[in-house]
Amino acid sequence: MNQVESSFLASHSQPIVQPSSGSPLADSTLLDAYSQAVVGAAERISPSVVKIDVAQAMTSRSGESREAQGGGSGFVFAPDGLILTNSHVVHAATRIQVSFADGRRFPARTIGDDPSTDLAVVRVDVPNNDAPSLVAAPLGDSRKLRVGQLAIAIGNPYGFQYTVTAGVVSALGRSLRSYSGRMIDDVIQTDASLNPGNSGGPLVTSDGHVIGVNTATIMGAQGLCFAIGINTAKFVAGRLLQDGRIRRSYIGVEAQTVPLHRRLVRFYNLPQETGVVVISVTSGSSAQRAGLREGDVIVALEGKPVAGVDDLHRLLTDVRLGVSNSLTVLRWTEKLELKVVPAESPNA
């Protein structure tokens, strides 16, 4: 063995020296950056996260009335007791009770809910002496999200309170069908594990800012979970606080998406190859007054392309209520411009 080899073995055969103090290292020094981010975000947001228990009146097949129990999650977004959650958690609830992480429990009531975006605002009835202790969650900006960044979900899956799961933002700009049948746009996809009971809880960034409201999973799939962007939630919450509901316009047709004939697409230089065929027109509706007929194919509203039913829903917002709008339709081979004045949707 030469001198270099002897020196190498000697240097690597020394026992590991423990810290002279003999005290265990602090937990913070053992945590890596990922763990510190998750722990920090969870500790910041947990005081705002609540467990929601609801009772709903149900009618059995035999006609007997009974009370069904359900629940989910939510989070305080204003210090006066306003809580954001999912519509499907509190819709038609006859009794709501909210539990905080410190064990306090209070009754609550629904301010407004919007099944079309699966969002609801609940106000918890907190005594005056407890009101100052409510902690509002800081809200982020879902437009600034990037695919791959850390996403942390907090909720109450299967009744296990204040469960934390972590993952990443898997995709942005997804669309998800709501319980009312309308499409929810700009949905966040994440692989942070969600289970029944997580609904309505917050999805947060590493700095503890809420970027989404957890809403759904795909049954049988792994790592496919969805949250409604917080920017959508801010808009909906504002409207629910103002009006108690979201106003949407309605023209009064039953329709479905159909492909357009290529010759019509080329002849009229249409930007899309599908449209919305009218299956039926509601009597006395705006569509009937505008002269819309069964078999007409809607291809644009106010010059904006309508490639499917979801496009039509997306364009029929409250700003079109009571206003004359240009509706472009194909009737057989003829292109027509009809004037329609949308009314407020009866499902609003």
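The values are calculated or read from the model by the stated rules, or taken from the named source; none is laboratory data. Since the structure is predicted, the reported quantities are computational estimates derived from the model, not experimental observations. We place every Cβ from the backbone using ideal geometry, glycine too, and count neighbours over all the protein chains shown. Surface areas here come from the heavy atoms of the whole protein model, side chains and all, with no ligands, DNA or RNA. Shrake-Rupley method; radii C 1.70, N 1.55, O 1.52, S 1.80 Å.
Summary table below
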read-out	value
Of the trypsin sites (Lys or Arg not before Pro) in region 214-309, those whose Cβ has at most 15 other Cβ within 10 Å and which sit in DSSP loop	ARG245, ARG247, ARG293
Simple spin-label estimate for ARG245 and VAL168 in nanometres, 7 Å along Cα-Cβ	4.4
Carbon + sulfur, % of accessible area of the chain - ligands and nucleic acids excluded, 1.4 Å	52
Mean projection area, nm², convex hull over Cα of region 148-256	8.5
Amide H contacts of GLY112 (H built 1.01 Å from N, under 5 Å, at least 5 apart or other chain)	VAL121
Full-stretch length increase - ILE218, SER324 - with 0.36 nm per residue and alpha-carbon distance subtracted	34.1 nm
Dimensions (Å) - region 124-194, Cα atoms, principal axes, largest first	43, 30, 29
Amide H partners (placed H, <5 Å) of THR274, local residues excluded	LEU260
Amide H contacts of GLY291 (H built 1.01 Å from N, under 5 Å, at least 5 apart or other chain)	none
Computed accessible area, THR94, all protein chains, 1.4 angstrom probe, square angstrom	90
Cα coordinate range in region 214-348, projected on the principal axes (Å, largest first)	46, 38, 24
Heavy atoms of GLU67 accessible to a 1.4 Å probe, total area in Å² rounded to 10	90
Computed lengthening from TYR179 to ALA101, 0.36 nm per intervening residue step minus Cα-Cα distance	25.2 nm
Length released on extending from VAL135 to GLN288, taking residue separation times 0.36 nm less the Cα-Cα span	50.0 nm
Stokes-Einstein D (µm²/s) once Rh is taken as the Kirkwood radius of region 249-303 over alpha-carbon pairs, at 4 °C in 1.567 mPa s	109
Shape category assigned to the chain from the gyration tensor of Cα positions, a/c cut at 1.5	oblate
